[in-house]
Amino acid sequence: MNREHLIKMANQIGGFFEAMPDSVQAVADVAKHLKNTWEPRMRVEILKTLGTADEAKLKPVVRDALISLGRSGKPA
């Protein structure tokens, strides 16, 4: 999986949801979208951006959604 491509795709999803007035709901919706539509290998790879220099490339709504997914105890 190309991490740069996954970051770009995740940020496009985040761009759609960040326009929502409720930022907490936006984060939840991004996390739900990634969990329901991305295959597990994609989610595992994008979660690897957390704590690296690549994390800075993520929109805040995406970063927060990934943190939420990571806390679920499974790589989503």
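Could you list all residues from segment 49-68 that are of a type outside the set (S, T, N, Q) and surrounded by fewer than 17 Cβ atoms within 10 Å (Cβ to Cβ)? Selection gives 50, 51, 53, 54, 55, 56, 57, 60, 67.
Within segment 21-37, the set of residues being over 10 Å from the mean Cα position of the chain (by Cα) and closer than 17 Å to residue 5 by Cα comprises just one member, 37.
Filtered by the rule that a residue be over 10 Å from the mean Cα position of the chain (by Cα) and surrounded by 15 or more Cβ atoms within 10 Å (Cβ to Cβ), segment 1-19 gives 17, 18.
Every number in this text was worked out from the coordinates using simple rules, so none of it is lab data. Keep in mind that this is a model prediction, so the values were computed, not measured. Using ideal geometry, Cβ is built from the backbone for each residue, glycine included, and neighbour counts are taken over all protein chains shown.
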